[in-house]
Each structure stands twice: as structure tokens, then as C-alpha cells.
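Structure first, then comments.
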Amino acid sequence: MPARVLLQDATGVPAVVDLACMRDAMNKLGGDSNKINPLVPVDLVIDHSVQVDVARYENAVQANMELEFQRNKERFAFLKWGSNAFDNMLVFPPGSGIVHQVNLECLGRVVFNRNGMLYPDSVVGTDSHTTMINGLGVAGWGVGGIEAEAAMLGQPMSMVLPGVVGFKLLRKLRDGVTATDLVLTVTQMLRKHGVVGKFVEFYGEGMGELSLADRATIANMSPDYGATMGFFPVDHLTLQYLQLTGRSDETIAMIESYLRTNKMFVDYNEPQIEKVYSSYLELKLEDVEPCISGPKRPHDRVPLQEMKADWHACLDNRVGFKGFAIPKESQNKVAKFSFHGTPAELRHGDVVIAAITSCTNTSNPSVMLGAAVVAKKACELGLEVKPWIKTSLAPGSGVVTRYLQKSGLQKYLNQLGFHIVGYGCTTCIGNSGDIDESVASAISENDMVAAAVLSGNRNFEGRVHPLTRANYLASPPLVVAYSLAGTVDIDFEKEPIGKGKDGKEIFFRDIWPSSEEVANVVQSSVLPDMFKATYQAITKGNPMWNELSVPSSNLYAWDSTSTYIHKPPYFKDMTMSPPGPHGVKDAYCLLNFGDSITTDYVSPAGSIHKDSPAAKFLLEHGVDRRDFNSYGSRRGNDEVMARGTFANIRLVNKLLEGEVGPKTIHIPTGEKLSVYDAAMRYNTAGQDTIILAGAEYGSGSSRDWAAKGPMMLGIKAVIAKSFEQIHRSNLVGMGIIPLCFKPGDDADTLGLTGHERYTINLPNSISEIRPGQDVTVATDTSKSFSCTVRFDTEVELAYFNHGGILQYVIRNLIGPKQ
């Protein structure tokens with residue numbers, strides 16, 4: 001039973017849509033609609049709607065905010081209605097910051113005090129990086145929106161007891177090495193170790209050498225190394241951070257006293273008892289070296305000194321996570337173009353987007369001020385950023401602006417084009433906005449592999465921007481360095497970044513600050529009053545939010561013409577009798593995937609392609625192309641999102657035999673159709689469909705539409721080598737059967753092409769199904785194989801029996817517990 005629930009707007013809008021729809025269903029079935037009310041505190045931070053429409057401009061924050069409200073006024077009004085209609089729901093308006101930084105700096109209680117009853121803070125959030133709060137010693141992780149809704153309504157969360165990996169940290173980081181370098185190293189180590197579905201607890205003498213912000217950076221990327229949590233127990237550094245961020249002395253004393261009394265406080269001044277863990281890892285912090293990760297996955301770490309060689313290997317390699325298959329004779333191609341009248345050129349690996357963005361890094365003063373110090377040194381030496389590189393700075397809270405101004409360093413970032421563009425998730429989630437048309441044409445017409453460098457946590461293909469095929473995760477100071485170099489095809493040790501005022505070559509070492517330099521700026525610039533002032537200002541809202549007028553009714557008045565908010569069909573034919581378990585008979589394979597199909601492929605959050613089924617739907621409903629907005633902003637409308645399922649332009653489907661794009665083969669006719677159109681054709685004919693997949697299916701963001709969308713397409717089961725835990729749970733919550741091939745098996749080894757028809761026989765009675773039981777899958781080609789049904793608990797079986805988690809909750813709120 002989590003103490004509270006955390007939402008952001010991209011996942012929060014569909015969650016509030018579901019709650020509003022559940023109230024209607026309760027009424028229809030004769031229940032009390034007021035029972036659909038959060039029983040625990042729910043905080044919703046609007047941070048996923050701001051786009052970098054305007055960059056390299058002094059007043060970019062205001063310009064982007066105005067455009068954000070123009071695009072999203074209807075969504076924002078809906079959320080404001082929800083904050084009034086539902087109990088215990090607090091909405092932070094646009095411009096407040098990134099949800100995880102707000103959680104860390106303001107919302108995290110560590111210990112709850114509810115009318116004199118003390119208990120540990122715990123949280124589930126509808127964003128996978130909710131784990132950032134683990135750095136503060138708070139247990140919490142990301143879940144799908146449907147699970148979060150159930151938790152709000154008092155449904156206990158059920159899970160298999162996880163293994164706990166002990167990760168021992170020793171010594172200290174070398175001079176000039178950042179927290180980002182550390183987290184990318186940890187991510188690679190834990191991916192290799194295998195921590196899916198496990199908790200990771202950090203311990204050891206090296207803990208004292210990491211600031212709270214450094215710990216939060218490591219905890220933030222838990223979903224990227226596959227763990228459910230990356231936990232740092234509370235110690236003296238935690239208490240110091242609480243003091244820095246403006247928590248009262250009385251509250252901090254209560255937290256320390258409670259945790260010490262209950263043996264949950266770690267005091268490194270006392271002898272440490274060696275704990276017993278499920279497995280162990282160890283890292284000497286002095287071994288961490290400067291690095292970046294990419295070009296397509298967060299755990300593909302590249303040491304900085306190997307970057308140039310790695311880049312050329314990527315150009316050579318066949319298309320894959322580390323390859324672009326550019327022919328040797330084309331690797332030195334130069335695309336010449338005119339940028340607003342100025343002659344310009346692009347080569348493979350040239351940077352076109354450089355973004356200081358994302359909760360992972362913008363909450364850490366050492367890397368943010370480190371980037372500002374790099375900018376200062378570069379400006380003083382006369383270095384400049386090419387004008388066609390789209391540079392941006394999107395802090396996670398107003399505190400960052402205050403300490404950048406206090407340090408006197410913001411002006412140097414501005415000089416290089418890193419003006420503040422807004423407070424929220426931008427480039428990291430694909431809200432990078434358009435790049436200049438001349439640059440876009442040069443990339444497209446010459447088939448250039450353009451690069452983005454960002455201080456984010458996700459770099460899956462097609463996520464950051466449709467035209468940046470190479471996307472690298474880097475610390476904010478490295479983002480500045482790469483923007484100055486203008487390319488990722490550089491050896492920073494041997495090649496100059498550029499030429500200074502006097503024509504002298506400037507090297508990386510000339511602009512890179514020492515750790516002491518950065519620490520001194522942090523010490524003098526980051527002050528407790530900044531946190532208090534920032535969050536006091538947020539409580540006043542902003543003028544555009546305050547002017548939104550919303551109805552006061554408890555039931556939502558649905559507008560059938562809206563393309564943003566639409567009543568979903570989940571409860572349309574619902575009765576009080578559970579439908580019971582269902583097998584799958586003679587299903588066609590809608591899609592046949594390889595490994596690492598992320599939720600970005602299943603339900604993209606970025607721009608809506610002009611030729612997609614979703615675009616066609618919007619145009620038919622009178623929406624002009626320039627007002628399409630993004631899939632992330634349209635998640636309150638099931639009709640758009642169903643059409644956007646598997647709409648990623650980089651989708652690789654084996655049924656297409658090498659072709660890339662959001663299409664598939666309609667098996668009965670052999671026609672190549674969009675995934676949506678093929679699914680609708682199967683549905684019309686009354687034919688079930690399934691998906692075949694490889695390992696790590698559903699990794700990435702905890703996107704409930706990555707389960708809702710397939711359900712609306714009529715998909716009955718997903719057969720994969722392995723699942724990301726949150727996504728597996730979401731599939732169960734929407735009534736889709738997750739099945740795992742037996743170890744050593746996959747579609748290829750079993751000789752499955754996806755052209756077969758599949759029958760999955762499940763017992764007719766829920767009492768005959770056990771968590772983790774084996775079932776036989778038979779095909780019409782006389783092949784059969786054994787799979788494990790990935791219902792992990794009895795509660796998940798109950799959800800499946802009811803046709804989904806929300807149906808289960810409604811029936812139990814109305815009638816006797818089932």
C-alpha cells in the first residue's frame with residue numbers, strides 16, 4: 001500500500017480520463033460514483049507538454065509557455081477539473097519543473113506524519129524514473145497508469161518478493177569525472193549483471209563521497225539498468241539535503257529519530273555490519289572514466305577516449321544498435337546547404353541538437369554548474385557554437401535558474417545558445433521541436449546520419465527526433481563540449497574543439513574544469529532560500545493556468561468532438577459478472593519482433609507523422625497539420641492512440657523482411673498495410689492476433705498506452721523471450737496474456753516465421769490456472785511448443801479473470817469482494 005501516488009501529465013491525463021470513465025461505469029452499474037476517489041495523496045506535475053519550439057532566444061521560456069498553452073489548453077483544463085473533482089489530488093501547473101526533481105526537492109517526505117501516526121514514505125509513479133526518489137531513501141518505482149489508479153483507490157500492490165543486489169561503492173571519483181559518467185558506468189554494469197525485477201541497494205565507504213544529487217542521478221536510471229529500485233538508505237547526507245532544500249528542523253529531527261528507532265538509518269560513523277544480499281557487485285569509483293552512451297541505447301557506454309573509433313565502427317557495422325551500414329565510399333560525404341543565407345555543410349556525425357535536459361541531470365548542481373563553467377571558459381577563449389545546431393537548456397526546477405544567476409554564469413550559457421527554454425521534460429522525451437528546415441532538408445536529401453547529444457536518460461531510435469539517427473547521452477558539461485566541436489566524430493584528446501579569438505587551436509583540456517572548481521561554485525551558489533522561494537512561487541500558479549475556467553461537476557461532461565479528451569470504451573459492455581479466462585484460437589501474428597522492442601516503438605510519444613493513421617484521423621476531424629501536437633499530448637483520446645500504436649517510423653518488423661517502418665503484412669491477403677489498418681481488418685473478420693518478440697520486450701518508459709493500444713487493436717497475447725517488468729504487469733492489467741518462450745527457445749530457433757496461426761489453450765476455470773504455469777502453443781503448421789504464462793501472482797490472475805485491473809476494482813467497489 002504505497003503512501004502516495006505521483007503522476008505527470010502525459011500519463012496523468014489518461015489516468016484522470018480513466019477515473020472519470022470509472023465514475024460513469026459505477027453509476028451505470030448502480031454503484032456510488034463517489035467511491036472513485038483517491039484514498040492517498042496524489043501529486044500531478046505538468047511537465048511533459050513543453051516543447052522546444054523557440055530556442056537560442058532570450059525570452060524563450062515565455063514564448064514556449066504561450067505555445068504550450070495554445071496546444072494544450074483543453075488538456076490543462078481537464079486536469080484542473082480533475083484536481084477539483086477528485087479528493088487528495090494536487091496539480092502543479094505548467095512551468096513548475098520536472099516531476100522527479102519536484103518530488104526530490106519538495107514532495108518527498110521520507111517519513112509520513114499523519115495525525116501523529118508515523119510511517120515510511122513510499123510512492124508509485126506513472127513514470128519509470130520515479131525511482132529517482134530512491135536517492136533520498138524513499139522506496140518507490142514506476143508503474144503503469146492503470147496500476148497507479150488501482151493504488152489510488154486502495155487496491156494493494158502485489159509482486160513477487162524481489163532479489164536484492166548489493167552494489168558496493170569504494171573510494172572516490174577522479175578529478176573531472178562527473179556523476180553522469182558514474183551513472184552510465186553503473187547502468188552498463190547492472191545491465192550486464194541482470195537485475196530485471198530486482199532491487200539494488202548501494203552501500204560501502206564510497207557512499208560518503210557522493211552527494212545526495214549524485215545518488216539521485218544513479219537512482220533515477222534504475223529502469224535503464226532494469227532494476228525495480230536503486231536504493232540509497234537514509235544517512236547524514238540525506239539529512240543535510242533535506243536541510244538544504246528547506247525542510248524544517250523539526251521535520252528533519254522527527255525523520256532521524258523515527259528511522260534510528262526503527263533501525264532504518266545508516267550511520268557510517270559506527271561499525272557497519274556486512275549485509276547478506278542475493279548477489280553482489282563492486283565498483284571502485286576511481287575506475288570511472290569520462291564517457292557517453294549511444295548511439296541507440298542507454299547502456300551502450302563508450303569511454304570518451306574511444307569515441308572516435310567507436311563512431312567509425314558504427315558507420316561500418318550492419319544496421320543494429322551499434323550500426324548504420326554506411327558504405328565506405330559514402331562515409332566522407334559532405335552535404336552543402338544554405339542556412340539563412342550563410343553557406344553551411346553537414347557530415348555524418350555532425351551535431352544538430354545539443355540539449356541540457358532531463359530529470360537525470362538537471363537536479364544535480366555539480367553537473368549543471370559544471371556545464372556553465374565550461375561555457376565560461378569557452379566564451380573567454382572565443383569559441384562559438386554553429387548557428388544551425390539547436391541548443392537548449394531546460395532545468396528541472398526554478399532552483400536551477402536561481403543558482404545559475406547567483407553564480408553569474410548563465411550569461412555564458414546564453415552566449416553559446418543555451419538559453420533556458422522552459423521547465424519540464426523536453427528533448428529527452430522527444431519534445432525537441434523542429435530543427436531548421438534547411439538542416440532537415442540537408443539530412444533527408446543526403447541520407448546523413450545526424451547526431452543529437454543530450455543530458456538525458458533515453459536515446460532509443462526515433463525518440464529524440466525523427467532525423468537524428470545517432471543519439472548520445474552525456475553529462476551537461478559534455479553536451480556543451482560536443483556542441484562546440486559540432487560533431488561526435490572527434491578524439492578530444494588529440495583533436496582541437498575549435499579555434500579561439502587569435503586563431504589558436506583550443507583543446508578539450510583547455511575548457512574542462514577541475515572537480516574543485518565546480519565544487520567551489522556549488523558551495524557559493526546553491527542556497528536553502530532558493531528552494532523555499534521557488535516552491536512558494538509555484539503555489540501561486542501562473543496567470544495562464546489561473547485563468548482557466550472549468551466546471552465544478554463531479555462527473556465529466558464528455559465532448560464527442562474533442563480530439564484530446566474522449567471517453568474510452570473499456571467499460572462499454574461491462575456487467576457485474578467477470579468474463580473469466582480466455583484462450584486464443586487460430587490467431588494470426590500481427591507483428592514479429594526481435595530483441596529490445598521498447599515502449600517507444602509500441603506507443604511513441606513524439607511527433608505524429610503526416611502519413612500516419614492518426615494524422616488521417618485528425619485531418620478528418622478538422623485538425624490542421626500544424627496543430628497535430630504529439631502522441632504524448634493526445635493520450636486522453638483513445639481513438640488517436642489506437643491509431644498511434646506501433647506507429648514508430650523506425651519500427652523493425654520481421655514480417656516486412658528488412659523494410660523499416662510502421663507497417664505489417666496482413667497474412668490472409670499478403671497485403672502490406674499500416675499496423676492499425678491490418679489490425680482493424682483482422683478485428684472486422686473476428687480473427688484474434690498475437691505478437692512474437694525477442695528479449696526485453698516493453699523496456700523503456702512505463703507507458704500504459706503501450707498495453708492499452710495493443711488491447712484496442714485486438715491483440716490477445718504477446719509471446720516473448722523476456723519482458724520488462726512494468727510492461728508485463730500493464731499487459732496483464734489490460735487483459736493481454738504475456739507468455740515467455742522456454743530458455744533457449746525463441747521464434748527463430750523454433751522455426752516460426754509469423755505466417756502461422758496460433759492456438760493457446762488455457763483452462764476454462766481461473767482456479768485451474770497457476771502463476772507461472774506452462775501451456776502449449778500449437779500452430780496450424782503442426783508445430784507446437786511450451787511457454788510459461790507470466791501471471792506472477794494470484795492477484796494478477798484475478799485481474800485477468802475480470803478482463804482487466806480497472807474492471808476488477810469497479811466490481812469489488814460495488815459488490816462483495818471477488
Test result for residue 379, closer than 24 Å to residue 487 by Cβ, modelled with pLDDT under 95 and assigned to a helix (DSSP H, G or I):
no
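Within the stretch 1-120, which helices (runs of 4 or more DSSP H) (wholly inside it) include 3 or more residues that are in contact (Cβ under 8 Å) with a residue 24 or more places away in the chain and either aromatic (Phe, Trp, Tyr) or open to solvent by 10 Å² or more (accessible area, probe 1.4 Å) (or both)?
It comes to 9-28, 60-85.
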Among the residues of the stretch 140-160, is there at least one that is open to solvent by 10 Å² or more (accessible area, probe 1.4 Å), under 16 Å from the mean Cα position of the chain (by Cα) and under 24 Å from residue 771 (Cβ atoms)?
yes
Residue among 481, 485, 474, 470 that alone is in contact with a His (Cβ under 9 Å, 6 or more places away or on another chain), closer than 16 Å to residue 451 by Cα, at pLDDT 95 or above and of a type outside the set (Ser, Thr, Tyr)
470
Selection count, the stretch 181-207, where residues are within 19 Å of the chain's Cα centre (by Cα), aliphatic (A, V, I, L, M) and closer than 22 Å to residue 305 by Cα:
3
Can you name the residue in the stretch 187-211 that is of a type in the set (A, V, I, L, M) and crowded, with 24+ Cβ neighbours inside 10 Å and, of all such residues, is nearest to residue 286 (Cα to Cα)?
190
Identify, by number, the condition in (1) open to solvent by less than 70 Å² (accessible area, probe 1.4 Å); (2) assigned by the TED database to the domain that holds residue 494; (3) part of a helix (DSSP H, G or I) that residue 309 doesn't meet.
(1)
Check the stretch 416-424 and report whether any residue there is in contact (Cβ under 8 Å) with a residue 60 or more places away in the chain, surrounded by fewer than 24 Cβ atoms within 10 Å (Cβ to Cβ), at negative phi and more than 25 Å from the chain's Cα centre (by Cα).
no
Out of the residues in the stretch 677-690 that are within 17 Å of residue 643 (Cα to Cα) and of a type in the set (A, V, I, L, M, F, W, C), which is surrounded by the most Cβ atoms within 10 Å (Cβ to Cβ)?
679
Hey, could you check the stretch 317-346 for residues that are under 30 Å from the mean Cα position of the chain (by Cα) and among the charged types (D, E, K, R) and say which is surrounded by the fewest Cβ atoms within 10 Å (Cβ to Cβ)?
318
Could you tell me whether residue 251 is under 25 Å from residue 185 (Cβ atoms) and modelled with pLDDT of 95 or more?
no
So which pairs qualify, if the first residue must be in the stretch 450-466 and open to solvent by 10 Å² or more (accessible area, probe 1.4 Å), the second must be of a type in the set (Phe, Trp, Tyr), the Cβ gap must be under 9 Å, and the two must be at least 6 apart or on different chains?
460/601; 461/321; 461/601; 462/601
Residues (hydroxyl-bearing (Ser, Thr, Tyr) and in a helix (DSSP H, G or I)) located in the stretch 180-215:
180, 185, 187
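Mind listing just one residue for me: the one in the stretch 625-639 that is charged (D, E, K, R) and modelled with pLDDT of 95 or more and, of those, nearest to residue 674 (Cα to Cα)?
The qualifying residue nearest to residue 674 (Cα to Cα) is 639.
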Single residue of the stretch 778-817 satisfying the filter (assigned to a strand (DSSP E or B) and of a type in the set (A, V, I, L, M)) that is most open to solvent (accessible area, probe 1.4 Å)
778
Which residue, of 301, 318, 347, is within 30 Å of residue 162 (Cβ to Cβ), outside the structural domain of residue 173 (by the TED database) and not hydroxyl-bearing (Ser, Thr, Tyr)?
301
Collect the residues in the stretch 166-179 that are buried (at least 22 other Cβ atoms within 10 Å of the Cβ), touching a Ser or Thr at 6+ places or on another chain (Cβ under 7 Å) and not in a helix (DSSP H, G or I), keeping them in residue-number order.
178
Conditions (1) in contact (Cβ under 8 Å) with a residue 60 or more places away in the chain; (2) in contact with a Lys or Arg (Cβ under 7 Å, 6 or more places away or on another chain); number of the one not met by residue 729:
(2)
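Quick check on my filter: what residues within the stretch 425-443 are surrounded by fewer than 24 Cβ atoms within 10 Å (Cβ to Cβ) and in contact (Cβ under 8 Å) with a residue 40 or more places away in the chain? Give the derivation first.
Filtering the stretch 425-443 down to residues surrounded by fewer than 24 Cβ atoms within 10 Å (Cβ to Cβ) leaves 433-438, 440-441, 443.
Across the stretch 425-443, the qualifying residues are 433, 434, 435, 436, 438, 441, 443.
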Within the set of pairs 6+ apart or on separate chains, which have a first residue in the stretch 629-655 that is free of Cβ contacts under 8 Å to residues at least 40 places away in the same chain, a second that is open to solvent by 10 Å² or more (accessible area, probe 1.4 Å) and basic (Lys, Arg), and C-beta atoms under 9 Å apart?
643/616
Restrict the check to the stretch 265-285 and report whether at least one residue is modelled with pLDDT of 95 or more, under 30 Å from the mean Cα position of the chain (by Cα) and in a helix (DSSP H, G or I).
yes
I'd like to check which strands (runs of 3 or more DSSP E) are fully inside the stretch 388-481 and have at least 3 residues that are assigned by the TED database to the domain that holds residue 498 and either over 21 Å from residue 371 (Cβ atoms) or not polar (S, T, N, Q) (or both).
451-454, 470-473
Would you mind telling me which numbered condition in (1) closer than 26 Å to residue 274 by Cβ; (2) surrounded by fewer than 17 Cβ atoms within 10 Å (Cβ to Cβ); (3) of a type in the set (A, V, I, L, M) residue 182 fails?
(2)
Tell me which residues, restricted to the stretch 273-296, are in contact (Cβ under 8 Å) with a residue 24 or more places away in the chain and among the hydrophobic types (A, V, I, L, M, F, W, C).
281, 283, 285, 288, 291, 292
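Does residue 723 satisfy being within 29 Å of the chain's Cα centre (by Cα), open to solvent by less than 40 Å² (accessible area, probe 1.4 Å) and at pLDDT below 95?
Considered against the rule, which asks whether it is within 29 Å of the chain's Cα centre (by Cα), open to solvent by less than 40 Å² (accessible area, probe 1.4 Å) and at pLDDT below 95, residue 723 comes out as yes.
Yes/no matrix, rows are residues, columns are (1) of a type in the set (D, E, K, R); (2) surrounded by 14 or more Cβ atoms within 10 Å (Cβ to Cβ); (3) within 24 Å of residue 531 (Cα to Cα); (4) in contact (Cβ under 8 Å) with a residue 24 or more places away in the chain:
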{"position": "224", "(1), (2), (3), (4)": "yes, yes, no, yes"}
{"position": "227", "(1), (2), (3), (4)": "no, yes, no, yes"}
{"position": "237", "(1), (2), (3), (4)": "no, yes, yes, yes"}
{"position": "249", "(1), (2), (3), (4)": "yes, no, yes, no"}
{"position": "257", "(1), (2), (3), (4)": "no, no, no, no"}
{"position": "271", "(1), (2), (3), (4)": "no, no, no, no"}
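The values are calculated or read from the model by the stated rules, or taken from the named source; none is laboratory data. Just so you know, these numbers come straight off a predicted model, no measurement behind them. We place every Cβ from the backbone using ideal geometry, glycine too, and count neighbours over all the protein chains shown. These accessible areas exclude ligands, DNA and RNA; they are computed on the full protein's heavy atoms, side chains included. Shrake-Rupley method; radii C 1.70, N 1.55, O 1.52, S 1.80 Å.
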